[in-house]
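A.B. asks: There's a structure below that I have some questions on.
The values are calculated or read from the model by the stated rules, or taken from the named source; none is laboratory data. Quick caveat: nothing in here was measured; it's all calculated off a predicted structure. Please note: Cβ atoms are built from the backbone with ideal geometry, for glycine as well, and neighbour counts cover all protein chains shown. Keep in mind that these areas ignore ligands, DNA and RNA; they rest on the heavy atoms of the full protein, side chains included. Shrake-Rupley method; radii C 1.70, N 1.55, O 1.52, S 1.80 Å.
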Amino acid sequence: MTEIDHYESIRQKMSIDELGTPKHKKTIEFLKMLYNKEEIELLDKGFDRGYQPLSARNISKKTGIDKNKVKEILKGLSKRGLIFKLASKYMLMNLVPGFFEHYILTHGDDEENYKKAAKYFRWAFLNLTPQMYNNLKLKGKSIWLPKLPYDAEEKIIQIDEGIPIKDQKVFTGELVRELIDKNTTFAKVYCQCREIARISGEPCNYVSEELGCLLCGITAKIAIDQGWGEEIPSKEEAIEYARKCEKAGLVHFGMNVGAITFICNCCRDCCCGLRGMSELGLTYGRSNFDPKWNPELCVFCEKCIEICPMEAIQHQYPVKEENDVIFFNLERCLGCGVCAENCPKGAITLVKVRTDSTPEMSGLGKKIQDNILG
Ligand code: SF4
Ligand code: SF4
Ligand code: SF4
């Protein structure tokens, strides 16, 4: 097999189902920058697919390469964030979510590579991954699903009598509250997307660095144990953190099925998922809810317009005797609830209008969880 084949082969293996690492010459250049020939050959010969947990011994057996040599290479890769390690097993991951977060949080590569990688990620998140996510969404396999704000059930969700009651039920994974309430361990990590924006010389204009991702349960424990997550000492503080993110206009995103509870708090300027949605007008991360506006309560302060990450809200001014209208462009809306959460008059509620997207339905979250946690 020629050199280029190993890189292309690894690109193909950096995937799970259709969530992969899109083909492009810049992707191959990126892999060549990160892995030397010996490393890529070992990985290609050792692994059959992404998310296949293998020990150094497994790989040594498979490749016929001396176990100590395999260990040395894998250890080096893990230190640079180029392979995921859990206990004594190693695995390949898809580009994002997966490899990207791990590489940035590990921050073990040399600074020059780190900077170049940041630029590649920024480019790929606008030019390669949005189309992949959108195709997954069209096939009913969404991976970006907004979780409604912590107090959504009490404050925001409105029951629409016209919709059959069974469809009004809030599904597992639709609210951020579920993830926080059922867990006891919490951690936060800096936002990796805002970090690569900063490294690339385009720092986030939208939120302060202090707000990042919120991790719960086993995911938080792993992050604290491995030293890349900062513990949040109590549930109350975790709730406070989630609310702070909501007030800053951030959208809680994530697959978060079962034990993997990595709640991204995403902004439109930097996020690897939301930026593509916002700039390209693709709604591959849409909830089952639509906003509903109450003109009786609205004072036309335009806070909702300012804060909507999709620029989906407009103030329509009257021409003659009609009233002002706050218009929601539902073609662009994600049903994230950020407008409702931040409306000072409670003039926006969310109504369940679809039942087509649930974290379980995508199946991908479960697949990743089963592979990682066994
Ligand atoms: S997905 Fe969102 S919160 Fe997560 S790292 Fe990216 S911008 Fe930050
Ligand atoms: S934030 Fe609320 S009160 Fe202000 S314009 Fe929007 S809907 Fe009206
Ligand atoms: S209109 Fe409201 S619910 Fe829709 S994307 Fe904007 S902030 Fe989110």
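A.B. asks: T172 passes all but one of (1) in a helix (DSSP H, G or I); (2) of a type outside the set (G, A, S); (3) open to solvent by 60 Å² or more (accessible area, probe 1.4 Å); which number fails?
C.D. replies: Tallying (1) in a helix (DSSP H, G or I); (2) of a type outside the set (G, A, S); (3) open to solvent by 60 Å² or more (accessible area, probe 1.4 Å), T172 fails exactly one: (1).
A.B. asks: Touching a residue at least 24 places away in the same chain (Cβ under 8 Å) and small (G, A, S): does that describe G249?
C.D. replies: Against the criterion (touching a residue at least 24 places away in the same chain (Cβ under 8 Å) and small (G, A, S)), G249 qualifies.
A.B. asks: Here are E161, E195, E154, E202: which of them is open to solvent by 40 Å² or more (accessible area, probe 1.4 Å) and assigned to a helix (DSSP H, G or I)?
C.D. replies: E154
A.B. asks: Also, I was wondering about something else. Select from the range 277-299 the residues that are under 17 Å from L128 (Cα atoms) and either more than 11 Å from ligand 1 (Cβ to nearest atom) or among the aromatic types (F, W, Y) (or both) and list them in ascending order.
C.D. replies: M277, S278, E279, L280, G281, L282, T283, Y284
A.B. asks: G50 fails exactly one of the following numbered conditions: (1) in a loop (DSSP other than H, G, I, E, B); (2) in contact with a His (Cβ under 7 Å, 6 or more places away or on another chain). What is the number of that condition?
C.D. replies: (2)
A.B. asks: Sticking with this one: Filter the range 321-373 down to residues that are more than 16 Å from ligand 2 (Cβ to nearest atom), open to solvent by less than 30 Å² (accessible area, probe 1.4 Å) and either at pLDDT 95 or above or part of a strand (DSSP E or B) (or both), then give me how many there are.
C.D. replies: Residues that pass the stated criteria total 2.
A.B. asks: Also, I was wondering about something else. From the list R194, R198, R122, which one is without any contact (Cβ under 8 Å) to a residue 12 or more places away in the chain and either closer than 23 Å to G98 by Cα or of a type outside the set (K, R) (or both)?
C.D. replies: When all the criteria are applied, what remains is R198.
A.B. asks: Now, a different point. Within the range 34-52, track down each residue that is open to solvent by 10 Å² or more (accessible area, probe 1.4 Å) and in contact with a Phe, Trp or Tyr (Cβ under 7 Å, 6 or more places away or on another chain).
C.D. replies: Matches in the range 34-52: none.
A.B. asks: Assess whether L179 counts as being part of a loop (DSSP other than H, G, I, E, B) and open to solvent by less than 40 Å² (accessible area, probe 1.4 Å).
C.D. replies: No, not satisfied.
A.B. asks: Additional query: If Y317 satisfies all but one of (1) open to solvent by 30 Å² or more (accessible area, probe 1.4 Å); (2) at pLDDT below 95; (3) more than 24 Å from Y150 (Cα to Cα), what's the number of the condition it fails?
C.D. replies: (2)
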